[in-house]
Amino acid sequence: MILGPLIIVSGPSGSGKSTLIRRALNVFGPELRHSVSATTRPRREGEIDGVDYHFWTKQRFQEGIATREFLEYATVFGKYDYGTPRTEVESHRLRGIGVVLDIDVQGADQLRRTCPDGFFIFLETPAGEYERRLRERGTDPEEAIQRRLESARLELTHAHEFNARLVNDDVERAVDEFCSLIRSRFEAARNGR
Ligand code: 5GP
């Protein structure tokens, strides 16, 4: 049996993780899926429950913790809870499907211990870009932007703990590199490495 690869992507908010993941999903088709996290953060305009996130109440999230539903979970930006439900990952990997997680560095830390076969990628944006992208997105109030910038500074100090680092200065090149890393993980899985 070949276990689908587990690809973990972390990096500051605004680094382009979701774009990169969306592009890779198009390239790999049904061989690869994105794990839909659960969160207590309110839904942003345009987000769909069950597609972008599972939007859970605080109580539902606590139940998830109590019944060990999460592969990992963390409080991000000191405010909202985010977690990866096991059902988003395990059964799919058992069918040989690769699973990509977009999680923060605290979640990645937990998985490094519990899922040592995971491949951990840190996505960076050239300095100064974070703030511009966050503001361009125009979805967050100033206080949230400041919290995200502080988080970004902290996340960068973890970059060296990852298997690979990608700099997202040129999206096309970053997508190519991301896809070749994923391809090499499929090969490693087939070769039992
Ligand atoms: P956003 O609120 O912008 O969608 O996501 C905020 C941060 O939460 C991002 O850095 C994202 O990687 C992280 N995140 C999303 N889902 C999860 C999860 O399931 N677990 C953890 N630990 N972090 C997550």
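The values are calculated or read from the model by the stated rules, or taken from the named source; none is laboratory data. Predicted, not measured: the structure shown is a model, and the values here were computed from it. All Cβ positions, even for glycine, are placed from backbone atoms using ideal geometry, and neighbour counts span all protein chains on display. All accessible areas refer to the heavy atoms of the entire protein, side chains included, with ligands and DNA or RNA removed. Shrake-Rupley method; radii C 1.70, N 1.55, O 1.52, S 1.80 Å.
Points worth noting:
- Along the axis of the charge dipole computed for the chain (Cβ charges of +1 for Lys and Arg, -1 for Asp and Glu, origin at the Cα centre), the listed residues GLY16, TYR73, ALA127 are led at the positive end by TYR73.
- Computed about its Cα centre, the charge dipole of the chain is approximately 440 debye, with only Lys, Arg, Asp and Glu carrying charge at their Cβ.
- Rolling a 1.4 Å probe over the heavy atoms of the protein chains gives segment 77-184 an accessible area of 50 Å² per residue.
- Summed side-chain charge close to ASP140 - residues other than ASP140 whose Cβ falls under 14 Å, Lys, Arg +1, Asp, Glu -1: +3
- Against the criterion of solvent-accessible heavy-atom surface with a 1.4 angstrom probe, VAL167, VAL27, VAL36 sort, most first, into VAL27, VAL167, VAL36.
- ARG43/SER184 FRET efficiency (R0 30 Å; Cβ-Cβ; nearest 0.05): 0.25
- Relative contact order (percent, whole number), the chain, Cα cutoff 8 Å, 6+ residue spacing: 35
- Counted over the chain, the DSSP beta bridges are approximately 30% antiparallel.
- Of the DSSP H helices in the chain, those whose Cα atoms cover at least 15 Å axially and whose Kyte score averages -1.0 or more: 17-28, 142-156, 171-190
- Quarter the surface of the alpha carbon convex hull of segment 25-162 and you get the mean projected area, 9.3 square nanometres.
- Segment 93-137 shape via C-alpha gyration tensor axes, a/c threshold 1.5: prolate
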